[in-house]
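The values are calculated or read from the model by the stated rules, or taken from the named source; none is laboratory data. Because the structure is predicted, anything quoted here is derived from the model rather than measured. A quick note on method: Cβ atoms are made from the backbone with ideal geometry, for glycine too, and the neighbour counts reach across all protein chains shown.
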Amino acid sequence: MTNKKRLNLSWVFLMVLTLSGALMGEYAHPGFWITLSIAFITAIKGRLIIDEFMQLGDASPAIRRTVRLFGLLVPSLIILTWMFGPELARWISLATF
């Protein structure tokens, strides 16, 4: 497969994932499984962007692992926010006296 065709397929897949996430956000009822699905979609999109569009798939292992680890941080934070949302809001809100 040529590089151009691979990038085009990656772009189409990113658009499908983005639209499916937007549809879930619009029509699905909030819950753990929807949050987990959104986090999973975010992880897949991040990995695809890192490997295909940032071209870090062929970078040195240390750089590639560091950026991929950062790419997993966002989905992890999505899940933690769902689990501990009110507590996080209290921690980061300005204190009112």
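Here are some notes:
- The listed residue being in contact (Cβ under 8 Å) with a residue 12 or more places away in the chain and either surrounded by 15 or more Cβ atoms within 10 Å (Cβ to Cβ) or of a type outside the set (Lys, Arg) (or both), out of Thr81, Thr18, Thr2: Thr18
- Test: residue in segment 75-93 that is hydroxyl-bearing (Ser, Thr, Tyr), at pLDDT 90 or above, in contact with a helix residue (DSSP H, G or I) (Cβ under 9 Å, 6 or more places away or on another chain) and under 30 Å from Asn3 (Cβ atoms): no
- Remark: pairs (first residue in segment 22-35, closer than 15 Å to Pro75 by Cα; second residue outside any helix (DSSP H, G or I) and not polar (S, T, N, Q); Cβ separation under 6 Å; 6+ apart in sequence or on different chains) = Ile34/Ala28.
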